[in-house]
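The values are calculated or read from the model by the stated rules, or taken from the named source; none is laboratory data. Not measured: the values here are computed from a predicted model. All Cβ positions, glycine included, derive from the backbone under ideal geometry; neighbour counts span all protein chains shown.
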């Protein structure tokens, strides 16, 4: 049985905290797409960790954490990530397993990423420059290298071939700001460490768990509005971030997926370029950014902020087949006098609750509904019914609009700042 947890906005919804919170109910946590552009933040016992590639169940004893075939892996960053957690998790080798079919991010993939963004100039898409896009391009182009290839005798020969192809592309783009020798030294050193980890045929591992009746939590990265098919194309990531990506990203049939948890913030944020209908380029936006600490966990980049967009939220809940909603960062709205949510888009004089096919080229004017704010902090001690009525009105409206229950409410980064209804 597989449950899915994923973000319903443009990423940064708080998936790491919730995955960590839910993990004790499961036997395995599995990442099914994305790469080290993810930044899943976990806070407990006064400590904070940011995970990029490793699944968010790594700090729970007795849980297998699988990096699935749909993920792209940078051996250098993975080794650095393990160095950051090994004091807290010295038995990480027993908890972590990696699919042999996951693709490798090579040094030239990262250089290509930077070269491509530089060539776009003002039209850049806001890449994290981690080599994600070029790696997925090689995967689709059937020229990539996979984790299992590092165990083959001819790996270096195959590496040299794709390296030369990349260097030709980089030269064509006129990009020279890199040191390939330094990058490759780190890469091959990291590969030796990489070989000491548990590399598996992950599809067989997952199906053995399913046959035994064990529970698996599939953990998504980025957000649904960044999906390469249904997101705000071309300002999207390079993988399928929706629940459908679980099947291809882990090698399982749809019938094995039981429940989909959709995570969203009580407001909206976005990193990088691309459309953002409810963006607030004013003091309110600055307030949300400051109070919400809206800076990228992985890149440190400033996040754009705005009101909650229910048109977009209902769209992604529909695409994912969401069973339960999880609302994050409700505490950031504490003390605000007035709140707004977008309930319709005005496009060419007509109001609609549908997302346009191309949000990038469609002029959208969001239509808002206003709510009174709550002036005091919300206590979780006595349950949902004892909460401030204005807060509950905000939550109830979201549920009715999206037609899905909010089953978990997070009012802070800690494990104990979470209410399960």
Before we move on, is residue 151 closer than 30 Å to residue 251 by Cα, loosely packed, with under 13 Cβ neighbours inside 10 Å and touching a residue at least 12 places away in the same chain (Cβ under 8 Å)? yes
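So, in segment 353-379, how many residues would count as being modelled with pLDDT under 90 and touching a helix residue (DSSP H, G or I) at 6+ places or on another chain (Cβ under 9 Å)?
Quick first cut of segment 353-379, residues modelled with pLDDT under 90 only: 374-379.
In the following step, the residues that additionally are touching a helix residue (DSSP H, G or I) at 6+ places or on another chain (Cβ under 9 Å) were identified as 374-375, 377-379.
Number of matching residues: 5.
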Only one residue in 354, 346, 399 is in contact with a strand residue (DSSP E or B) (Cβ under 9 Å, 6 or more places away or on another chain), in contact (Cβ under 8 Å) with a residue 12 or more places away in the chain and either part of a loop (DSSP other than H, G, I, E, B) or assigned by TED's automatic domain parsing to the domain that holds residue 245 (or both), so which one is that? 354
Are any residues in segment 216-232 crowded, with 16+ Cβ neighbours inside 10 Å, assigned to a loop (DSSP other than H, G, I, E, B) and over 12 Å from the mean Cα position of the chain (by Cα), and if so, which ones? 228, 230, 231, 232
Residues located in segment 91-107, provided they are without any contact (Cβ under 8 Å) to a residue 40 or more places away in the chain and either more than 23 Å from the chain's Cα centre (by Cα) or closer than 16 Å to residue 169 by Cβ (or both): 91, 94
Among the residues of segment 64-87, which ones are assigned to a loop (DSSP other than H, G, I, E, B), modelled with pLDDT under 95 and touching a helix residue (DSSP H, G or I) at 6+ places or on another chain (Cβ under 8 Å)? 86
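Quick one: how many residues across segment 166-214 are part of a loop (DSSP other than H, G, I, E, B) and either surrounded by 17 or more Cβ atoms within 10 Å (Cβ to Cβ) or at pLDDT below 95 (or both)? I'd like the intermediate steps shown before the answer.
Of all residues in segment 166-214, those part of a loop (DSSP other than H, G, I, E, B) come to 173-179, 195-197, 201, 212-214.
Next, from what is left, pick out any that are either surrounded by 17 or more Cβ atoms within 10 Å (Cβ to Cβ) or at pLDDT below 95 (or both): 173-179, 197.
Final tally of qualifying residues: 8.
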Between a first residue in segment 329-340 that is in contact (Cβ under 8 Å) with a residue 24 or more places away in the chain and at negative phi and a second residue that is part of a loop (DSSP other than H, G, I, E, B) and surrounded by fewer than 17 Cβ atoms within 10 Å (Cβ to Cβ), which pairs have beta carbons less than 6 Å apart while being 6 or more apart in sequence or on different chains? 334/377; 336/373; 337/373; 338/373; 339/373
The lone condition residue 326 fails out of (1) touching a helix residue (DSSP H, G or I) at 6+ places or on another chain (Cβ under 6 Å); (2) at pLDDT below 95 is (2)
Given the conditions (1) closer than 17 Å to residue 264 by Cβ; (2) crowded, with 16+ Cβ neighbours inside 10 Å; (3) out of contact with any strand residue (DSSP E or B) (no Cβ under 6 Å at 6 or more places or on another chain), and given that residue 328 satisfies all but one, which numbered condition is not satisfied? (3)
Give me the residue from segment 366-396 that is touching a strand residue (DSSP E or B) at 6+ places or on another chain (Cβ under 7 Å) and touching a residue at least 40 places away in the same chain (Cβ under 8 Å) and, out of that set, nearest to residue 343 (Cα to Cα). 368
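Of all residues in segment 381-396, how many are in a loop (DSSP other than H, G, I, E, B) and buried (at least 19 other Cβ atoms within 10 Å of the Cβ)?
The first filter runs over segment 381-396 and keeps only residues in a loop (DSSP other than H, G, I, E, B), leaving 381-383, 387-388.
Right, trim to buried (at least 19 other Cβ atoms within 10 Å of the Cβ) and you get 387.
Of the residues in segment 381-396, 1 are in a loop (DSSP other than H, G, I, E, B) and buried (at least 19 other Cβ atoms within 10 Å of the Cβ).
Out of contact with any helix residue (DSSP H, G or I) (no Cβ under 6 Å at 6 or more places or on another chain), surrounded by fewer than 24 Cβ atoms within 10 Å (Cβ to Cβ) and farther than 20 Å from residue 216 by Cα: is that true of residue 14 in this structure?
Numbers: out of contact with any helix residue (DSSP H, G or I) (no Cβ under 6 Å at 6 or more places or on another chain): yes; surrounded by fewer than 24 Cβ atoms within 10 Å (Cβ to Cβ): yes; farther than 20 Å from residue 216 by Cα: no.
The answer is no for residue 14.
May I ask you to say which residue of 110, 158 is farther than 20 Å from residue 240 by Cα, over 28 Å from the mean Cα position of the chain (by Cα) and in contact (Cβ under 8 Å) with a residue 12 or more places away in the chain?
Numbers: 110 fails: over 28 Å from the mean Cα position of the chain (by Cα).
After ruling out the rest, the residue left standing is 158.
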